[in-house]
Amino acid sequence: MTQYVAKRILTAIPMLWLGLTLTFFIMHLAPGDPTDKYVSPNFDPAVQQLMTQKFGLDQPLYVQYWRWLSSFVQGDFGISFDRARPVRSVIGPYLGNTLILSSLALLVSLTAGVFLGIVSAMHRGSPGDDLLTVGSIVLYSIPGFWLGLMLMLLFSSLLGWLPAGGIVSVNHEYLGLGQRILDRLVHLILPVFVLAAASTASTMRYMRGSMLEIIQQDYIRTARAKGLPERTVILKHAVRNALSPVITLFGLSIPYIFSGAVIVEIVFSWPGMGRVMLTSIFQRDYPVTIAVTAIIFAMVLLGNLLADVLYGVVDPRVRYGAGHHS
Amino acid sequence: MDANIHRWEYLLPGPGLFLRGRRSTGIWCALLFLVPLVIGAWRWDRLAGVFTGGGAPDLWVAAGYLLVLLQVSYLWNYRELRKVEAGESSAGENEWRRGLRHLWQNRRARIGLIILLVLYSAAFLAPLVTTFDPTAQTDVLHMRFLPPSLRSGHLLGTDGFGRDLFSRIVYGARISLSIGLLAVVIAAVIGTVAGVLAGYFGGWVDGAIMRLADLMLGFPRLFLILVVIAFVGPSFLWVILVLGGTGWMGVARLVRAEVLSLKEREFIQAARALGLTTGRIITRHLIPNTLAPILVFMSLTIGNVILMEAGLSFLGLGVQPPTPSWGNIINLGRNNPVDAWWISTFPGVAIVLTVLSFNLVGDAIRDAFDPRLRQETPAQ
């Protein structure tokens, strides 16, 4: 197992390198320049030249690439062009916020999707199943940003039940510990719901299909025939086997969650990486853009690895490492 | 011409079928014939511009589209009448026609197809079905933020610049629907070429193409698109190219798998033995046999592509205002979410309807063209 994980991490490194190199060259070859904002009547033309030298942008591209790569592998993300602070301190505070939002959304979508999928498959053909099926198609046809706006309009502006955005209330500092936790949770409800909505729908559909396939198998009939209660048949025998394709889907849905997070963060004024990334792209803040890209790529690769490992846990037939009997 | 079919039945599509017991076909056929006529008569003042030479290009397109609708209703009527008279059954139809029939028998797909027909018609007929210019700003002080009402003529209200929201949504349909379709076509073309090359030639070509596909599949697509669009600048063309260029991997995998199995079949072996050139084998024998899965893939992904386009426009990275697109109208509406709720709400409804219809049709196409599934779920 350890050997397998190590091997996977080693093969992930060239992928990460290729992705980042591509990003680096797209970024540098595209029109626009980080020093464009110094071209204005308020600045001496020499300022732009000075800034270009300071950022090292006057060097040939391969020199810049080499400089970036060599400091990057040493864990140095460089200095933000826009904020004149180390990139690490620019991104740091936002990373946690995005991780909370995305991991909660993943958790919610996985549990809700699996649960609804089982319910739907168990009552195949019933009105409830129809409702869930149509509901899931509708749910993944709704653009996340619009769903967010509409829920905000309903629950914050009209009903006043939930906050309209942000991560904490204005008076957060003056609350007691219990109320602080509650305050944070209340701010999470809408963003997590919106982010989880679409992937809940697709997880549900996969789980339903997978369950329907499994309960036609012979061993399920055997389990029923030997008099096991239906509950045990479903939970112990069917669900566990039906889960394995869903776990793969879980790995594949991680990129979608991160993409969705960018838009959800904008809609709910959530101080996360998505917003940092967008501003850095618009400001042509190369070091920040590439650092955010690296973090997201790394998280996606880790997520895929996690899904593969989970796959082995759920399905004992899958054995990693030196497999002779595969 | 059949002796049993009256002349008036050719002239007026619909009623003849209705009287012969094909009720729903008759009604739909009549609607397809009458609606373009009514629209043409109602907006004759504008349509006349085509004849006097003062028509804009999109008026020409609209007029042509009306004619196509009329023509289709005639042809459909004729075919169905012939079928009723000759007592033709569904035996002997080819795979495509059978697939289409199954598609139409699926209730959800039928609803989706009708909504899509209405939406595409609205996009084509935009100058005829709207009464206000989508970009004209009149008396801003008095005309802005008008709520939806029948009396003012602004069915869905006006935005912060006093522009009619209904017109903007109808014209915005052009952007969303055309970007969605074109991007998916581009993705399918790139994917087919990549898949055929990988599957047919194998070896290092296969390795390189599929590694690239894996690499691109692993990264968040929207994120990739954001980076590229933000750096090359937002425009109609770039949005299509980037959406298409990041969506080909699924098609490539499907086509590759299909080609790998086709390659070993006798008819390909025979084609090779006959000395056909590689190019001819690929274009005449391989690609036509992979069309069904490609079509299924396209119909299942177009909804997602439209959602992504809307997301880009929403972030200000799609088509730029004042050209309306559903995403950028919603973005504009964020400034006044409560007192002008209609600005963000209605374009969103349009997006949901479009994407939902594509998804319903896509699911049904997958079922219709996959014979294994067809037997499991009897037509509703």
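Taking first residues from the range B:137-157 that are farther than 18 Å from residue B:169 by Cβ and partners that are surrounded by 15 or more Cβ atoms within 10 Å (Cβ to Cβ), the Cβ contacts under 7 Å between residues at least 6 apart in sequence or on separate chains come to B:138/B:162; B:139/B:162; B:140/B:161; B:140/B:162. Residues in the range B:188-209 include at least one that is within 14 Å of chain A (Cβ to nearest Cβ) and among the hydrophobic types (A, V, I, L, M, F, W, C). Answer yes or no as to whether residue B:317 is crowded, with 20+ Cβ neighbours inside 10 Å, within 30 Å of residue B:260 (Cβ to Cβ) and either of a type in the set (A, V, I, L, M) or at pLDDT below 85 (or both). So residue B:317 does not fit the description; no.
When each of B:224, B:241, B:215 is tested for being within 14 Å of chain A (Cβ to nearest Cβ), assigned to a helix (DSSP H, G or I), hydrophobic (A, V, I, L, M, F, W, C) and surrounded by 20 or more Cβ atoms within 10 Å (Cβ to Cβ), the lone residue that passes is B:224.
Name the single residue that is nearest to the other protein chains (Cβ to nearest Cβ) among those in the range A:245-262 being in contact with a Phe, Trp or Tyr (Cβ under 6 Å, 6 or more places away or on another chain) and under 19 Å from residue A:144 (Cβ atoms). Per the criteria, the residue is A:259. One residue stands out in the range A:103-139 among those that are within 11 Å of another protein chain (Cβ to nearest Cβ) and either at pLDDT 85 or above or in contact with a Gly (Cβ under 6 Å, 6 or more places away or on another chain) (or both): the one that is surrounded by the most Cβ atoms within 10 Å (Cβ to Cβ), namely A:136. Pairing residues of the range B:6-17 that are over 16 Å from residue B:72 (Cβ atoms) with residues that are outside any helix (DSSP H, G or I), at Cβ distances under 6 Å and at least 6 apart in sequence or on separate chains, gives no pairs at all.
Results for (1) surrounded by 16 or more Cβ atoms within 10 Å (Cβ to Cβ); (2) within 14 Å of chain B (Cβ to nearest Cβ); (3) within 20 Å of residue A:289 (Cβ to Cβ), shown as yes or no for each residue.
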| site | (1), (2), (3) |
| --- | --- |
| A:10 | no, no, no |
| A:14 | no, yes, no |
| A:17 | no, yes, yes |
| A:20 | yes, yes, yes |
| A:25 | no, yes, yes |
| A:53 | no, no, no |
| A:57 | yes, no, yes |
| A:65 | no, no, yes |
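For the range A:51-106, filtered to residues that are outside any helix (DSSP H, G or I) and polar (S, T, N, Q), the residue that is farthest from residue A:199 (Cα to Cα) is A:59.
For the range B:320-345, the set of residues classified as more than 7 Å from chain A (Cβ to nearest Cβ) and surrounded by 22 or more Cβ atoms within 10 Å (Cβ to Cβ) consists of B:324, B:325, B:326, B:327, B:328, B:329, B:331, B:333, B:343, listed by residue number.
Taking (1) surrounded by 14 or more Cβ atoms within 10 Å (Cβ to Cβ); (2) closer than 21 Å to residue A:312 by Cα; (3) among the charged types (D, E, K, R) in turn, residue A:236 satisfies each apart from (1). Selection of the range B:130-169 for residues being of a type outside the set (Gly, Ala, Ser), in a helix (DSSP H, G or I) and modelled with pLDDT of 80 or more yields B:165, B:166, B:168, B:169.
When A:221, A:231 are screened for being modelled with pLDDT of 80 or more, more than 14 Å from chain B (Cβ to nearest Cβ), part of a helix (DSSP H, G or I) and surrounded by fewer than 22 Cβ atoms within 10 Å (Cβ to Cβ), only A:221 passes.
For the range B:261-290, a residue qualifies if it is under 37 Å from the mean Cα position of the chain (by Cα), farther than 14 Å from residue B:192 by Cα and among the hydrophobic types (A, V, I, L, M, F, W, C), and the qualifying residues are B:262, B:267, B:268, B:271, B:276, B:281. Regarding residue A:82, is this residue in contact with a helix residue (DSSP H, G or I) (Cβ under 8 Å, 6 or more places away or on another chain), charged (D, E, K, R) and either within 14 Å of another protein chain (Cβ to nearest Cβ) or touching a residue at least 24 places away in the same chain (Cβ under 8 Å) (or both)? Answer is yes for this residue. Just one residue in the set B:232, B:305, B:251, B:296 is of a type outside the set (D, E, K, R), touching a Phe, Trp or Tyr at 6+ places or on another chain (Cβ under 7 Å) and within 14 Å of another protein chain (Cβ to nearest Cβ); that residue is B:232.
Here is a yes/no grid of residues against (1) surrounded by 14 or more Cβ atoms within 10 Å (Cβ to Cβ); (2) part of a helix (DSSP H, G or I); (3) away from chain B (no Cβ under 11 Å):
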{"residue": "A:142", "(1), (2), (3)": "yes, no, no"}
{"residue": "A:170", "(1), (2), (3)": "no, no, yes"}
{"residue": "A:187", "(1), (2), (3)": "yes, yes, yes"}
{"residue": "A:192", "(1), (2), (3)": "yes, yes, yes"}
{"residue": "A:197", "(1), (2), (3)": "yes, yes, yes"}
{"residue": "A:203", "(1), (2), (3)": "yes, yes, yes"}
{"residue": "A:207", "(1), (2), (3)": "yes, yes, yes"}
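The values are calculated or read from the model by the stated rules, or taken from the named source; none is laboratory data. Computed from a prediction, not measured in an experiment: that's the story for all the values here. A quick note on method: Cβ atoms are made from the backbone with ideal geometry, for glycine too, and the neighbour counts reach across all protein chains shown.
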